[in-house]
Every structure is written in C-alpha cells, then in structure tokens.
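These notes concern the structure reproduced below.
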Amino acid sequence: MTNQPNSFRNQPDERGHFGQFGGRYVAETLMPLILDLESEYRAAKADPAFKAQFEDLLEHYVGRPSPLYFAERLTEHFGGAEIWFKREELNHTGAHKINNCIGQILLAIRMGKTRIIAETGAGQHGVATATVCARFGLPCVIYMGSTDVARQQPNVFRMKLLGAEVVPVESGAKTLKDAMNEALRDWVANVHDTFYIIGTAAGPHPYPELVRDFQSVIGREAREQMLKRTGVLPDLLIAAVGGGSNAIGLFHPFLDDPEVAMIGVEAAGHGIESGEHAASLTGGFPGILHGNKTYLLQDEDGQITEAHSISAGLDYPGIGPEHSWLHESGRVKYLPITDNEALEAFQLCCKLEGIIPALESSHALAALPKLAKEYRKDQRILVNVSGRGDKDIFTVAEHLGVKL
Amino acid sequence: MTARLTSAFAKGRPALVCFITAGDGDTAANLDALVEGGADVIELGMPFTDPMADGPAIQAANLRSLGKGTNTREVLMIADEFRERHPDVPLVLMGYANPMVRRGPEWFAGECHGCGVDGVICVDIPPEEDDALGPALREKGVSMIRLATPTTDAKRLPAVLEGSSGFIYYVSVAGITGKQQAALGSIEENVARLKHATDLPVVVGFGVRTPEQAAAIARVADGVVVGSALVELIGEHGENAPEHVRRLTSELAAAVHSAAREAA
C-alpha cells in the first residue's frame, strides 16, 4: 500500500471520518444530540472519575480482566502455531457486549438522559443493555426483529426478566437492520430524554470511536497478559466481525505493532457465491446506512440487500467504518467463513477445549484450520472468544438434525 | 433550474407541496392529479429499503414500490416524463443518501439536471457531510434543500442555511413522517426564527394531514407539505387512486391558497 499512515491508532479525524469512511449521516433532528454526545464523550474521557467508575464496574460487576487461556488441545490438533484464547465469554452476561454497555450507560447518566433504547440481533447486546439498565434503574426499550425474537426466545425472556420492554419489529426482513431502523425512529421522536446505546462499533460519529474505546479493554488486557505469560506479542490475532466491536476492541491496541498480523472473520453464510452471506467487505461496496459510510451489502441502485448468517449476531449487511478503513489500508485482512465451517469449529471447540463458543466466535475459530499450519510451532495465534454459545444450542441442534 | 422553485413561492400566497413515492401505484397519473388538484411543488420520493425517518405509511409505500422492482433509472424516467408534461411545475426528489450516491454524486447530479429536477432533499446528509452530494448538485444548478428541525439551534442554523437553496423544509416535529402534528404556536415561532435568518421560503411538513391543519400552517409559513395522507390514498385505492389524490389535493390547495398571511 502507498501512503501508509504514521499510525493506525489516531483515527477518526475531527469530523469522525476513518479515511473516506464513518462520518455523521443522520437526520437533522439528531445532529445536535450527536454533537452533544461527542463533546460529552470528550469531557468524560478526560475525567478521572469517569474512568475510575468505568474500571471499577468492569472489575467488580463484569469480572474483568477476562482470562488469557492457552488452548493446548486445539494447538495439538492443528499441529501448527500455539492457539490462545481471550476469554470474553466469561464476562457477566456471557459476551464482550457488556464492556460497551457499561461505558455508554455511564455517558447517558452523565448527559442526564432518563430513558435507554437499543437494537439487538442475537439478543446479546439487548441482554447486556437490559442488564446495565437494571443495574442503574433506567427504563429500557429493546428493538428486535420479529424473526430474531422467534429464534432467540431465551434471550428475549432474559431481557424481560431484567425489566426491559422488548419490541418486535415487523418491517423489512425483521432482523437486526430493521431493529436498528426502528430504534432510530424511536430516537428521533424522543431525542430530548433518550439515549441510544448502539451495540457495535458502527453508526454515526462518535459511536464507532467510543464503542471501540470501551471495547479496547480487550486488547489492552490481552497485550499485557501475552507479554506477561510469553514475553512476546502474539503473531496473529483473529476475531469475528459483524459490526466489528469485539474485533476492533482486540485489534486497536495492537495496530501499531507491525509484527502482529490481524484477521477479521466475516460471515460467509451459505458461501459468497450463493449471494446469501453477511460479508460486507468481501461481497459489498461502500455506501451510506445507519449514520455512517462503510462497506454495505447492496444492489447497483444502492438498495440494501438482506444479509444471511447462521449467527444472528453477524446477520447484518454492514460493518463498522474503522474496519472498512483498515481493510482498504491493508493493515487488517478479512476472511469469509461459511455457516458450515463455523458449525464444525463450534463442535471442535466444545469437544477439545470444553468451551461452548458463541456461533459468532465460532467463525473466528473456524479460521484456524486454514491458518494454524501457516505459522511455526513457536508462534502464537490469539483468538477472541467473544461470547459463549449457550444461547446458540437450539440453532446448532437444528442444523445437526437433533430434536431437543 | 431554481427559477421554477422561485416562481412557485412568488405567487403572493402560500404554496402547497405534495409528496408521493415514485413507483407506488400509477405514479404518472398520480403526479398529474397533484398538478390538476393545484399542488405548487411536487416532492417525488425515491424508494429505499431502509427509510429510517419515515412512519408506517411511507414505509409501506417504499416497500410497495420496491416490491414492484422500481429502480433508480425508473425513478429518473418518471421525473423526466413529468418534466415533459409539466414544464413549469417544480419537481424535487426526496430520499436517502445511499441510492443517491451509489453511482457517485456527479452521476446523480447530472441525471437530476438532465431530467429537469429542480432540487433534492436528502434526509441523511446533514451539512456536516455536505461533500457527499452538495457540491455536485450545486455544480449542476440543482438546489440542495435542507431540513431544519425543532432541535436545530441558533448555533447550527447558519451551517444548515449555508449551501441551501430553493426553500428550507421545516420539520415541525422531532419524529418520523405521518405521525402527530406539532402545536401551532411552536411552528409559528420556529418559522419566524428561520425567516429571520434566511430569505429562502420556509415550508413546513411532517404530520400535516387535513385541509384545516394545512390552512392553519399556511397562515404562518410560505408553504405546507402533505405526504403521508396522499400516500395512504395510493395504498388504499391502488390504480383508482388518481381521482382520490386529485380530490384531496384540491381541498388542500383551496385551504392553503386562501389562507391569509398573518404577518406581512
């Protein structure tokens, strides 16, 4: 690549752009609020009390730091590089999503907002949002496509137990994208008292930046843990990418370490050539949706096409803008993995490591058969196990032809 | 190109602005019905899969249109043919950024110019992202018509007005299309605020459904937009919609055109 930047860690610019991506493509009604959010976030970032409260909650409520684990049997199985896991699935609520929700609810409270809304696909972000709302006593409305409501019943019930109102969304394909549209419609009508906790590193600036910053605890811990345990940085990082918050959280603290390679795994569904996938970088084009410019699955007229993935958390036709930028700059490589490959990796991880990974994380694990052998035995690959798979056992059973 | 828009607001009375979605029902016949009914400015909606700022009525119209396979070329053809039939009636395209910029802003601006489109309203390109479309439109003499809202404060207003032409679209409620109407007092106050800051005509939309509501707003603004109520007629009556569209438009036009301006 020509014109390599001096640092990959100083994006976005003051207008919220990551190269040509990102930005603030929102309705005028939301603009003043987005600008307020940005200045409030700057103030919070500089406030030691905010940082202290965030870190205290991460330690005592979420259970951080999450462990760094040497996956000995998988390493043996592949016979290549050492495989290490960052165990985000051990967090409270079972995934990395909670890191971001803690940060955003503290911002909401700081801004004097009294009502929280969020969108959810698989339900993990909905559960994490409902959790922090319960913890801080704020009313919470979760928008969820009715297709997802049907396939993620346990999480719907969890959200309700936590006191959230779950609104099934009937528009479009009734999945994550439509839930996001409906959340935006709610926000624009309730902008005076409502804070929108976006679940991934996407949306209008400053969301991609602040979600990344809150999730970067993953990479900062991993960096320190790897150095402490092995004395060196990992040779390769792998993480699944839907919107891309767990991946950017792991990658960002390593972006300026040229010896660390990075691979983001996109959901290839039934295969890129089938057209039924959720791989925005591999199979999409730059466009504008949900407040940011980024790679999108779309037709030649700019109509957004439906994503497909076995993993509800990856079933979205876009990707966070920083990933689009990292893709074009070449710093991070992106690899498509199919439903079937993810299902195999899911089962292998259960059997060899005694860890049931989320289907999202199984996509990252499914890159190992291709990559482990490309590295020497004295090299290390770190995989972000972003969530646990208890929520997915019904989906997996169905695909394996097992009746529960 | 803005000459048509300018003259629409120079008739010595408030203007009626009517919105329908391109490709929903017999669009050409419905557009003719709007003109025959007395609409002063036509807003033609470009259908989009993800109309985030729209309520149920216009969402449904978008789906009906896309369901029939409407594409960008057809939307532009509808505009082009409208321009041939109605050389003097201003036509504005309204929609979302992605279909507008998909082939590049220069392409879209060139097509608008070629099809006799006078202005473009893009819901999700605020002044901060003007580069995505504004310069290309201005280069071709097509108006970038911006939205101002109840949340557009004094600090932001100059940025919203900068680079705007044709008219200012005041979104009277913080919310989506076709829902509740704002209190008249708040509309009057905000229109006055906008008119103090710009010489452009100020048109008020969102939540305006009946001739009575339209007349009340026309007394305090340069124009009134009606969309969802017309779109609902098209959804309800399908191919027979034009006569219903014509009737409602003429009732709205009579109410709006006869509304006496309260302030000179």
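Below is a table of values for the structure above.
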| read-out | value |
| --- | --- |
| Segments classed as strands (runs of 3 or more DSSP E), wholly inside the stretch B:1-101, with at least 1 members that are of a type in the set (D, E, K, R) and away from every other protein chain (no Cβ under 13 Å) | B:41-45 |
| Residue match in the stretch A:217-224 (condition: hydrophobic (A, V, I, L, M, F, W, C) and within 14 Å of another protein chain (Cβ to nearest Cβ)) | no |
| Criterion: over 21 Å from A:Ile393 (Cα atoms) and surrounded by fewer than 24 Cβ atoms within 10 Å (Cβ to Cβ) - qualifying residue of A:Glu276, A:Glu344, A:Glu322 | A:Glu276 |
| Condition broken by A:Ala44, with the remaining ones in (1) small (Gly, Ala, Ser); (2) within 14 Å of chain B (Cβ to nearest Cβ); (3) touching a residue at least 24 places away in the same chain (Cβ under 8 Å) satisfied | (2) |
| Filter result for B:Asp88 (surrounded by fewer than 20 Cβ atoms within 10 Å (Cβ to Cβ) and acidic (Asp, Glu)) | yes |
| Output for the stretch A:108-132, where each listed residue is part of a loop (DSSP other than H, G, I, E, B) and either under 20 Å from the mean Cα position of the chain (by Cα) or of a type outside the set (S, T, N, Q) (or both) | A:Met111, A:Gly112, A:Lys113, A:Gly121, A:Ala122, A:Gly123 |
| Selection count, the stretch A:288-304, where residues are facing chain B (nearest Cβ under 9 Å), in contact with a strand residue (DSSP E or B) (Cβ under 8 Å, 6 or more places away or on another chain) and either on the phi > 0 side of the Ramachandran plot or in a loop (DSSP other than H, G, I, E, B) (or both) | 3 |
| Condition check for A:Tyr41: closer than 30 Å to A:Leu184 by Cβ and at pLDDT 95 or above | yes |
| Residue ID - nearest to the other protein chains (Cβ to nearest Cβ), chosen from residues in the stretch B:135-160 that are closer than 23 Å to B:Gly175 by Cβ and assigned to a helix (DSSP H, G or I) | B:Val160 |
| Subset of the stretch A:162-178 that is crowded, with 24+ Cβ neighbours inside 10 Å and modelled with pLDDT of 95 or more - its residue that is nearest to the other protein chains (Cβ to nearest Cβ) | A:Val169 |
| Residues of the stretch B:161-175 satisfying the condition of being assigned to a loop (DSSP other than H, G, I, E, B) and under 20 Å from B:Val220 (Cα atoms) | B:Gly166, B:Phe167, B:Ser172, B:Val173, B:Ala174 |
| Search result, residues across the stretch B:176-204 that are in contact (Cβ under 8 Å) with a residue 12 or more places away in the chain, surrounded by fewer than 20 Cβ atoms within 10 Å (Cβ to Cβ) and not in a helix (DSSP H, G or I) | B:Lys179, B:Gln180, B:Gln181, B:Thr198 |
| Residue that is among the aliphatic types (A, V, I, L, M), closer than 21 Å to B:Ser186 by Cβ and in a helix (DSSP H, G or I), where the choices are B:Ala221, B:Ala216 | B:Ala216 |
| Subset tally (residues that are within 14 Å of chain A (Cβ to nearest Cβ) and either in contact (Cβ under 8 Å) with a residue 40 or more places away in the chain or more than 21 Å from B:Gly223 (Cβ to Cβ) (or both)) for the stretch B:109-134 | 14 |
| Test: residue in the stretch A:270-277 that is in contact with a strand residue (DSSP E or B) (Cβ under 7 Å, 6 or more places away or on another chain), in a loop (DSSP other than H, G, I, E, B), without any contact (Cβ under 8 Å) to a residue 40 or more places away in the chain and within 14 Å of chain B (Cβ to nearest Cβ) | no |
| Condition met for A:Arg115 (touching a residue at least 24 places away in the same chain (Cβ under 8 Å), in contact with a helix residue (DSSP H, G or I) (Cβ under 8 Å, 6 or more places away or on another chain) and basic (Lys, Arg)) | no |
| Helices (runs of 4 or more DSSP H) enclosed by the stretch A:305-397 - at least 2 residues per element that are more than 18 Å from A:His252 (Cβ to Cβ) and within 20 Å of the chain's Cα centre (by Cα) | A:339-353, A:359-365 |
| Residue match in the stretch A:58-69 (condition: in contact with a Lys or Arg (Cβ under 8 Å, 6 or more places away or on another chain) and within 25 Å of B:Asp131 (Cβ to Cβ)) | no |
| Helices (runs of 4 or more DSSP H) contained entirely in the stretch A:16-107, each with at least 2 residues that are in contact with a Ser or Thr (Cβ under 8 Å, 6 or more places away or on another chain) | A:31-45 |
| Candidate set: the stretch A:366-404, residues that are among the hydrophobic types (A, V, I, L, M, F, W, C) and in contact with a strand residue (DSSP E or B) (Cβ under 6 Å, 6 or more places away or on another chain); chosen: the one surrounded by the fewest Cβ atoms within 10 Å (Cβ to Cβ) | A:Ala367 |
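The values are calculated or read from the model by the stated rules, or taken from the named source; none is laboratory data. Worth saying up front: this structure is predicted, and the values here are computed from it rather than measured. Please note: Cβ atoms are built from the backbone with ideal geometry, for glycine as well, and neighbour counts cover all protein chains shown.
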